[in-house]
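All remarks here apply to the structure that follows.
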Amino acid sequence: MNDPFINKVLKTAREGTNPALITKMRSGFLLLGFQQFLPGYVVLFAYPPVSCLNDLSLEERANFLRDMSIAGDALLKCTDAYRINYEILGNESPVLHAHIFPRYLNEKEEYRKGPVWLYKEEIYNSVMFDIEKHNGLIKAIKQEIDILIKVSPTKRFC
């Protein structure tokens, strides 16, 4: 993979030095998203990296989608979200990753009923990741994921 940004994200996640890292999961790394206009937005990066879901074996696909849904369950417990939106796009970035967005009843209706990509850029970029501000949320999500995995045991990636 020749994307320096993604390479750095994955390298620092693997080393445990990425401040947005929530946890290592069976299928990859879960990180808090850079834009936090919807509190709790996370991204699950496949590791080892592949370009798309179809590059994985059936078992690996099941693991990725399971981890994605566990992250969503954790967000429902750790935020005031009323639902979770899951998106695997893969059109711009060369590595499989899933955007996991908590959705809130207090969102303006024009945004709440559509995909988050319809938000205006100034709103989307209005709250950026800040380790001091978001560290509590990272810890809460990780703790909830640890609980959910114990309820439904699986072997962690690392």
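Among all residues of the stretch 49-66, there is none that is charged (D, E, K, R), under 18 Å from ALA20 (Cβ atoms) and within 15 Å of the chain's Cα centre (by Cα). Comparison of PHE37, PHE64 shows that the only residue that is modelled with pLDDT of 95 or more, among the hydrophobic types (A, V, I, L, M, F, W, C) and closer than 23 Å to ASP3 by Cα is PHE64.
On the stretch given as the stretch 46-71, residues that are surrounded by 21 or more Cβ atoms within 10 Å (Cβ to Cβ) and without any contact (Cβ under 8 Å) to a residue 60 or more places away in the chain total 4. Within the stretch 118-134, the set of residues being under 16 Å from VAL42 (Cβ atoms) and among the hydrophobic types (A, V, I, L, M, F, W, C) comprises VAL127, MET128, PHE129, ILE131.
I want to confirm something. Restricting to the stretch 1-45 and keeping residues that are polar (S, T, N, Q) and over 19 Å from LEU137 (Cα atoms), which single residue is surrounded by the fewest Cβ atoms within 10 Å (Cβ to Cβ)? Walk me through how you get there before you give the answer.
Step one: of the stretch 1-45, the residues polar (S, T, N, Q) are 2, 7, 12, 17-18, 23, 27, 35-36.
If we keep only those that are over 19 Å from LEU137 (Cα atoms) too, we end up with 2, 7, 12, 27.
Working: ASN2: 6, ASN7: 13, THR12: 16, SER27: 24.
Applying the filter and picking the extreme gives ASN2.
What residue, among those in the stretch 81-96 that are assigned to a loop (DSSP other than H, G, I, E, B) and free of Cβ contacts under 8 Å to residues at least 40 places away in the same chain, is nearest to ASP3 (Cα to Cα)? Top of the filtered list is GLU92. Of the residues making up the stretch 1-16, those that are among the polar types (S, T, N, Q) and free of Cβ contacts under 8 Å to residues at least 40 places away in the same chain are ASN7, THR12. Here is the figure for the stretch 104-137: residues that are under 17 Å from the mean Cα position of the chain (by Cα) and farther than 24 Å from LEU89 by Cα total 6.
If you take the residues in the stretch 97-132 that are in contact (Cβ under 8 Å) with a residue 24 or more places away in the chain and part of a helix (DSSP H, G or I), which one is surrounded by the most Cβ atoms within 10 Å (Cβ to Cβ)? Among residues in the stretch 97-132 that are in contact (Cβ under 8 Å) with a residue 24 or more places away in the chain and part of a helix (DSSP H, G or I), the one surrounded by the most Cβ atoms within 10 Å (Cβ to Cβ) is VAL116. Residue under question is GLY72, and the condition is that it be part of a loop (DSSP other than H, G, I, E, B) and among the small types (Gly, Ala, Ser); does it hold? Here the answer is no, as GLY72 does not meet what is asked.
The values are calculated or read from the model by the stated rules, or taken from the named source; none is laboratory data. Quick caveat: nothing in here was measured; it's all calculated off a predicted structure. Ideal geometry is used to build each Cβ from the backbone, glycine not excepted, and the neighbour counts take in all protein chains shown.
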